[in-house]
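Chemist: Take a look at this one; I'll ask things after.
The values are calculated or read from the model by the stated rules, or taken from the named source; none is laboratory data. Worth saying up front: this structure is predicted, and the values here are computed from it rather than measured. Neighbour counts run over all protein chains shown; Cβ positions are idealised from the backbone, glycine included. All accessible areas refer to the heavy atoms of the entire protein, side chains included, with ligands and DNA or RNA removed. Shrake-Rupley method; radii C 1.70, N 1.55, O 1.52, S 1.80 Å.
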Amino acid sequence: MAIKDEEGLSVSPPPYEAESYAHHRQPRFRRRMHKACSVPVFLALVLTLSISYLCIVLGRRVVLDDTSAKAFTPPISSSRFEEGMKICAARHGRPAEPAPETRETNSRWNAIRGQGEAIILRNATLFDGESFLSGPVDIRFSKGLINSVTPASNEDPRILGVKEFDLQGRYVTPGLVDMHSHHTIGSWPGTSVSEDVNEINPMFGTLTPFLRIIDSMKAYDKSTEAIASGGITTSLILPGSANTMGGEGTVIKNVLKSGDSGEYVVEEMLLERDVPTEERHRYMKFACGENPKRSYGHERFALAYILRRHLSRTKEAMEKQDAWCDTASTLYSKAEQARFMEHTGGYPEDLELESTIGLMRGRIAMHNHCYEPEDMETMLRVTREFGIRVRAFHHAMAAWQVPEMLKAYGNNVTVATFAEISLYNRKRTIRTYTPARYYISTEFLLRTSLSQAAIGHAFHLPAEKALQAVTSVPAKAIDVANRVGYVRKGYDADIVVWDSHPLSIGATPQQVFIDGVATLKSDDVEHATGSSMEAHATPSAPSDMPQMRVRKSEREAESFCTSAKKESQSFVIQGIRKSFLDNYPQLSSGVSPPGEAENLTLVINEGQLSCLGTQHTCETAVASLTAAGDRPLHVQLKNGHLLPGLTAMTNLIGMKEIATQASTGNGAASVKDVRDPAYIDHAKYGVYLDGKGFARARMGGVTRVITPPELGSDGMLQGVSTGLRTSGTHTLLDGGIYQDDVGLHVVIGDANKAKGSVSQAIQALRAILLENRGEGNKSAYGLVAEGQMPLLVSVVNLAATQQIIAIKRDFPSVNIVLNGGHAAPLVAKELAEVGIPVILSATRPGFATWEGKDYLVGPPLTRSPASMLSEAGVLYAIARFPRRHHSNSRMLCSDISQTSAAPVVLLADKKPKSVPEGDSRIQSLSLEAAWAAKYAGLSDREAVRLVSRNVEKILGLEPSKDVVLWENSPLQFGASVVLSFEENQEGQLAVATCWPDDVTDDSI
């Protein structure tokens, strides 16, 4: 092969043995290099270089592991690695719950606003959270902590620096614990801008676990004081129930400005305010079934899938965290850690999933709002799939249908429910037997949760279990039973002193201590109730243990009732301790008010009351039955009470079975011109005579009800009410309606804003009264204008109530009646002057809405509304229904005080509308009268008239001839209707109901 040089000339290589050409001859130094690059030398050089390289590498490794490592590892990676390791270590941690006996301080106490002097409550009758102690005790507490509970001492030495109160046997309980509340996330009186209950927004959808209720709370919410006045000292604040996962809740003490600063600071309300944030208890609010279904339009199986998808994603994220922690725990050198951080970017956190991961790890407790059995079952199924424990079902109105399912779950699910509130959704009622732990929810009751416990007791929940249901059981359910729920050494000094047995009707706190500080002003309590703990007045005679309802077995009741319902059956009824039969003056006038030991006999012969008196007085009447060959049914009572049939103003009975379901009712009238009588709706054309409301009325001795139509589209006109019998023995064709037209109902207030303004509604009402004067106008407007039909005005605002008084002054012949009467006590004198009577449903109202901001909430904070009406001489009756509540569409649910407002549902048309709660408490009508009478200074007889004769007088009803026989007093918890009699078309008394009981019908 020819080789060319740089100039292109061919050059052939010389032969190896020949001397090279002159111009190819190598220099001398290159010949030396050639000799130096021999194979042995080359190998030696490679070996030397290799050893040198290894030394350099090893040396650098030593340097990296030595003090110069920081020069090669970014400081941020090291610190983030350590932070990640701390998170790994805390993954499965739980908040500390020190045993009460080890606690020496209450971490909420501070020297500025905490308890000052030590306090001793002497001679207390104590329920300690578990049981009633056998004798009187002395309770000592200081700096917000209970120091001792000891048998009462007879010694009377005053201890220096200690304040003592002799309770003289008054009942004492732990502060009540409410594990389901929404106060502070919507301050009272409420407006749309202050309501932060539910986050309903397409941006997030039905899953919002990343929200924290603490970020919505208002530390200035005045409802907190009203709640505390009912003895509720601790509350779990939860988001609303619109979303499948609503966010995290927190536990507070119901006291304002209790911290060092004395300001409205949310942090100072927290039960764990001095506990590091990462060590506090956490709670997640779930909801299932109809609430999220209604909010987002998903079906139940879609909601379940959406939840499962989220939990699946969460599980993957949690597994990545666990994998990161497992790997990180094997890395010891800084270099390995640095490379690991460079590769992973750090501990895999996700703010959106953090709360759900905590739930899945057991760090956050799951609290679930569910009504229906299928919803509870679905939640148990889905959460079990992902290893999540259900801690409680809230509301849980169908829990009684699946007790074995809940027990089989195995984790002692707490059932947080109501004792009597229902009929506002598809589920009916709660039976007295509940499957796991029993707790009375106070979401719709606020200050009156203890009355719900009392109702549970009346339906055979043992007294101690009933009280546990509002103290220690909810405390355990929210993991704070080491601090609250008991009156024992080492517990927070949250203590309630009651004016009567806590399970008796109208039991009211005389003092509420929270962290050892008295929250009620003695002067206010004494003004409201006539006595106080601090006044050292001798308490009223200790009341007996409240009664339970008398029960008959199904066989006993069937046998007795078969005989009682025989045609022309006569009766000899003995054991009657008291009679309040005002509707039979020819009999009652001859009966002196009996003492507790007196035994009256009632004889009914051929459908007539032939005798009411002592056994001796009625001997002749009994003998005549025997002589005639009659075989009377003998009824022997132990504590019999004889009353007239009660008459109740209602919301929906006979017009709508389920308050929130339009398909179960008559519907609301379309009113195009409120001044045109043609648009007046008449309830008599749309009623039915069966349903749960009627059954509950029979349980409560209510034999007649008045029901108006639903509120019309104009937001003002309801229409003309009708009078219905509740016995279920009649149809619309044979006496089921006892009075076709009772009164014309209108609403003045926020509802008017649906079509205009409140002022326009008042103006329209005036025009209606003016335009329809004159003879011959037989429309409802004409009858009202001429005073021939009562005008029932539902009005709650004080200013609007004053407008109604002004209308009465201008139209004195119009028979105006305030229906509800929330602001009536504030203008009682003026009402008496113009002669406006009141059907009072607001016996203990709450000021939840702006139009109700002036309400008197009642004892122990203010005087009772009934007492102010009585004092002014206003004629009034008692009803047992809440007023209609109006709210904007973004509020899905709201805290409401008893008889104050109703649940609010999401409305598709975005307009203010009213959703009545229903009439689920109608069976407690006589109890409501007794509660009102307690602080109005009324006798038992006057209390009965509040729900019978007074209703008839106010509405111009024909006096009832109905008679109801009770076992135990219907003015106390635990009374049962034995028989009710109503007048038939022949003018004779016939058995209408016999041992009525709430029907456990789960077929709907």
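Chemist: For segment 558-577, how many residues meet the condition of being closer than 18 Å to Glu986 by Cβ, of a type in the set (Ser, Thr, Tyr) and surrounded by fewer than 17 Cβ atoms within 10 Å (Cβ to Cβ)?
Modeler: 1
Chemist: Do any residues in segment 658-673 that are under 18 Å from Lys692 (Cα atoms) and assigned to a loop (DSSP other than H, G, I, E, B) have Cβ atoms under 6 Å from those of residues that are of a type in the set (Gly, Ala, Ser) and at pLDDT 90 or above, where the two are at least six apart or on different chains, and which pairs are they?
Modeler: These pairs meet every condition: Asn666/Gly686.
Chemist: Still on this structure, please answer the following. Within segment 658-684, track down each residue that is closer than 30 Å to Trp966 by Cβ and touching a strand residue (DSSP E or B) at 6+ places or on another chain (Cβ under 7 Å).
Modeler: Matches in segment 658-684: Ala683 only.
Chemist: Output the residues belonging to segment 370-388 that are under 26 Å from Glu316 (Cβ atoms), in contact (Cβ under 8 Å) with a residue 40 or more places away in the chain and open to solvent by 30 Å² or more (accessible area, probe 1.4 Å).
Modeler: Thr378, Glu385, listed by residue number.
Chemist: Looking only at segment 520-527, decide whether some residue is touching a helix residue (DSSP H, G or I) at 6+ places or on another chain (Cβ under 8 Å) and open to solvent by 20 Å² or more (accessible area, probe 1.4 Å).
Modeler: Checked against the condition, which is being touching a helix residue (DSSP H, G or I) at 6+ places or on another chain (Cβ under 8 Å) and open to solvent by 20 Å² or more (accessible area, probe 1.4 Å), segment 520-527 yields no hits at all.
Chemist: Taking segment 700-723 on its own, how many of its residues are open to solvent by 10 Å² or more (accessible area, probe 1.4 Å) and within 30 Å of Val944 (Cβ to Cβ)?
Modeler: Matching residues across segment 700-723 total 2.
Chemist: Here's a follow-up. Quick check on segment 614-659: of everything there that is among the β-branched types (Val, Ile, Thr) and more than 30 Å from Ser721 (Cβ to Cβ), which residue is modelled with the lowest pLDDT?
Modeler: The qualifying residue modelled with the lowest pLDDT is Thr626.
Chemist: Which ones in segment 843-869 are in contact with a Phe, Trp or Tyr (Cβ under 6 Å, 6 or more places away or on another chain), part of a loop (DSSP other than H, G, I, E, B) and either open to solvent by 10 Å² or more (accessible area, probe 1.4 Å) or farther than 30 Å from Ala780 by Cβ (or both)?
Modeler: Selection gives Phe847, Ala848, Lys853, Tyr855, Pro859, Ser864.
Chemist: For segment 441-491, enumerate the residues that are modelled with pLDDT of 90 or more and among the charged types (D, E, K, R).
Modeler: Glu464, Lys465, Lys476, Asp479, Arg483, Arg488, Lys489, listed by residue number.
Chemist: Here is a further query. Is there a residue being within 16 Å of His92 (Cα to Cα), open to solvent by 10 Å² or more (accessible area, probe 1.4 Å) and over 35 Å from the mean Cα position of the chain (by Cα) anywhere in segment 355-363?
Modeler: no
Chemist: Provide a single number: the residues in segment 471-511 that are within 21 Å of Met284 (Cβ to Cβ), surrounded by fewer than 23 Cβ atoms within 10 Å (Cβ to Cβ) and of a type in the set (Gly, Ala, Ser).
Modeler: Summing the residues that are within 21 Å of Met284 (Cβ to Cβ), surrounded by fewer than 23 Cβ atoms within 10 Å (Cβ to Cβ) and of a type in the set (Gly, Ala, Ser) in segment 471-511 gives 1.
Chemist: OK, next. Quick one: is Gly240 touching a His at 6+ places or on another chain (Cβ under 9 Å), touching a residue at least 60 places away in the same chain (Cβ under 8 Å) and more than 20 Å from Arg212 (Cβ to Cβ)?
Modeler: The answer is no for Gly240.
Chemist: Sticking with this one: Could you list, in sequence order, the residues of segment 187-221 that are surrounded by 23 or more Cβ atoms within 10 Å (Cβ to Cβ), touching an Asp or Glu at 6+ places or on another chain (Cβ under 7 Å) and closer than 29 Å to Ser522 by Cα?
Modeler: Trp188
Chemist: Are any residues in segment 346-377 within 24 Å of Arg294 (Cβ to Cβ) and part of a loop (DSSP other than H, G, I, E, B), and if so, which ones?
Modeler: Across segment 346-377, the qualifying residues are Tyr371, Glu372.
Chemist: Pick from Gly246, Gly231: which is closer than 26 Å to Gln510 by Cβ and under 18 Å from the mean Cα position of the chain (by Cα)?
Modeler: Gly231
Chemist: Determine the pairs where a residue that is within 12 Å of Lys320 (Cβ to Cβ) and of a type in the set (Ser, Thr, Tyr), located within segment 345-359, has a partner that is at pLDDT below 95 and open to solvent by 30 Å² or more (accessible area, probe 1.4 Å) with Cβ atoms under 6 Å apart, the partner being 6 or more residues away or on another chain.
Modeler: From residues that are within 12 Å of Lys320 (Cβ to Cβ) and of a type in the set (Ser, Thr, Tyr), the pairs are Tyr347/Ile87.
Chemist: Right, next: State the number of residues belonging to segment 690-724 that are more than 16 Å from Lys656 (Cβ to Cβ) and assigned to a helix (DSSP H, G or I).
Modeler: Summing the residues that are more than 16 Å from Lys656 (Cβ to Cβ) and assigned to a helix (DSSP H, G or I) in segment 690-724 gives 2.
Chemist: Could you check segment 381-421 and list, in sequence order, the residues that are of a type outside the set (A, V, I, L, M, F, W, C) and in contact with a Lys or Arg (Cβ under 6 Å, 6 or more places away or on another chain)?
Modeler: Residues satisfying the conditions are Asn411, Thr414, Glu420.
Chemist: Okay, moving on. Give, as residue ranges, the helices (runs of 4 or more DSSP H) completely inside segment 456-564 that count at least 2 residues that are among the hydroxyl-bearing types (Ser, Thr, Tyr).
Modeler: Where helices (runs of 4 or more DSSP H) fall fully within segment 456-564 and carry at least 2 residues being among the hydroxyl-bearing types (Ser, Thr, Tyr), they are 522-529, 554-564.
Chemist: Anything in segment 815-840 that is aliphatic (A, V, I, L, M) and surrounded by 18 or more Cβ atoms within 10 Å (Cβ to Cβ)? List them, or say none.
Modeler: Ile816, Val817, Leu818, Ala823, Ala824, Val827, Ala828, Leu831, Ile836, Val838, Ile839, Leu840
Chemist: Which ones in segment 739-759 are in contact (Cβ under 8 Å) with a residue 60 or more places away in the chain and part of a strand (DSSP E or B)?
Modeler: Scanning segment 739-759 gives Gln739, Leu744, His745, Val747.
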